[in-house]
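The values are calculated or read from the model by the stated rules, or taken from the named source; none is laboratory data. For clarity, every value in this text was computed on a predicted model and none was experimentally measured. Backbone-built Cβ (ideal geometry, glycine too); neighbour counts: all protein chains shown. Surface areas here come from the heavy atoms of the whole protein model, side chains and all, with no ligands, DNA or RNA. Shrake-Rupley method; radii C 1.70, N 1.55, O 1.52, S 1.80 Å.
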Amino acid sequence: MKADPAPQPRILALASGSGSNLQALIDASRERGFPGQIVAVGCNRPGAFALERAAQANLQTFVVDHTRYDSREDFDATLMAEILRHHPDLIVLAGFMRILTTDFVRAFRGKLLNVHPSLLPRYTGLNTHQRALDAGDTTHGVSIHFVTEELDGGPVIAQAEVSVASNDDAESLAEKVQAKEHVLYPIVVRWFCEGRIQLGANCVLFDGDPLTTPMRLPDN
Ligand code: GRF
């Protein structure tokens, strides 16, 4: 008798907006041999296009509308309960625009990934493209990192660079960076599902060894 195949890691995505990163993950997860399955998509905005993308892909969805909660703690507690119903092995923040409480982050330590539109540690927080332009940077990019208690401060797994052209504005730069996000995030999620990356004491372990510099997707 043939043994049942090992169950695939269960991925839960959280989004707030357009969900283009979610779409990239959905597309990747449909490829033959992808080592994980998206089991649900959660959203804090009832009208977010990400929900439509999830429904199109026949994925389970849930909404926890942050405007209905008096405190961040109450919102996160409800979000956590919704997430736990799906028993995820990995939670992917795909444009999820809420700051998470320490309790939430600790509960899912080592299982939470985020995509941030800058070459961390540069430009944590918002308006990263304009800030890179204002600083006169010639390179900019995206980082995928483990989420820890420090906002946008968790160990970086991988980065991809883009060149800043003299005629770039925040919008054109965002477009370039997003194109890289859509390639890089599925790669990192694949590594996670294959068991290749883990969160160590305060570093990323890649194939069991501490990563001294983030993995890089070449600029082209
Ligand atoms: C992305 O640019 C990501 O870097 C940031 O939020 C944006 C989400 O875009 N965290 P989308 O919803 O995936 O299209």
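Scanning the stretch 51-67 for residues that are assigned to a helix (DSSP H, G or I) and over 10 Å from L22 (Cβ atoms), we see that the one that is most open to solvent (accessible area, probe 1.4 Å) is Q56. Listed by first and then second residue, the pairs linking a residue in the stretch 84-107 that is at positive phi to a residue that is within 16 Å of the ligand (Cβ to nearest atom), with Cβ atoms under 6 Å apart and 6 or more places separating them unless they lie on different chains, are G95/A15; G95/S16; G95/G17; G95/N21. Among the criteria (1) assigned to a helix (DSSP H, G or I); (2) exposed (fewer than 13 other Cβ atoms within 10 Å of the Cβ), the one A3 does not fulfil is (1). Among the residues of the stretch 79-123, just one is among the hydrophobic types (A, V, I, L, M, F, W, C), more than 23 Å from Y69 (Cβ to Cβ) and more than 16 Å from the ligand (Cβ to nearest atom), namely L90.
Taking the stretch 147-177 as the range and being hydroxyl-bearing (S, T, Y) and not in a loop (DSSP other than H, G, I, E, B) as the test, the residues that pass are S163, S172. Just one residue in the set E150, E161 is more than 13 Å from the ligand (Cβ to nearest atom) and either closer than 22 Å to V41 by Cβ or free of Cβ contacts under 8 Å to residues at least 12 places away in the same chain (or both); that residue is E150.
Taking first residues from the stretch 1-23 that are free of Cβ contacts under 8 Å to residues at least 12 places away in the same chain and closer than 11 Å to A48 by Cα and partners that are open to solvent by 30 Å² or more (accessible area, probe 1.4 Å) and of a type outside the set (S, T, Y), no Cβ contact under 7 Å between residues at least 6 apart in sequence or on separate chains turns up.
On inspection, L25 does not qualify as over 24 Å from V142 (Cα atoms), within 16 Å of the ligand (Cβ to nearest atom) and surrounded by 18 or more Cβ atoms within 10 Å (Cβ to Cβ). Taken over the stretch 107-146, the criterion of being open to solvent by 20 Å² or more (accessible area, probe 1.4 Å), hydrophobic (A, V, I, L, M, F, W, C) and either touching a Gly at 6+ places or on another chain (Cβ under 9 Å) or in a loop (DSSP other than H, G, I, E, B) (or both) is satisfied by L126, A135. Answer with yes or no whether S16 is within 12 Å of the ligand (Cβ to nearest atom), of a type in the set (S, T, N, Q), at pLDDT 95 or above and in contact with a strand residue (DSSP E or B) (Cβ under 9 Å, 6 or more places away or on another chain). Considered against the rule, which asks whether it is within 12 Å of the ligand (Cβ to nearest atom), of a type in the set (S, T, N, Q), at pLDDT 95 or above and in contact with a strand residue (DSSP E or B) (Cβ under 9 Å, 6 or more places away or on another chain), S16 comes out as yes.
Among all positions in the stretch 91-105, there is no residue which is touching a Gly at 6+ places or on another chain (Cβ under 8 Å), open to solvent by less than 50 Å² (accessible area, probe 1.4 Å) and part of a strand (DSSP E or B). Of all the residues in the stretch 84-132, those that are farther than 22 Å from W191 by Cα and touching a Phe, Trp or Tyr at 6+ places or on another chain (Cβ under 6 Å) number 1. In the set D74, D70, only one residue is without any contact (Cβ under 8 Å) to a residue 40 or more places away in the chain, assigned to a helix (DSSP H, G or I), open to solvent by 10 Å² or more (accessible area, probe 1.4 Å) and out of contact with any strand residue (DSSP E or B) (no Cβ under 6 Å at 6 or more places or on another chain); that residue is D74.
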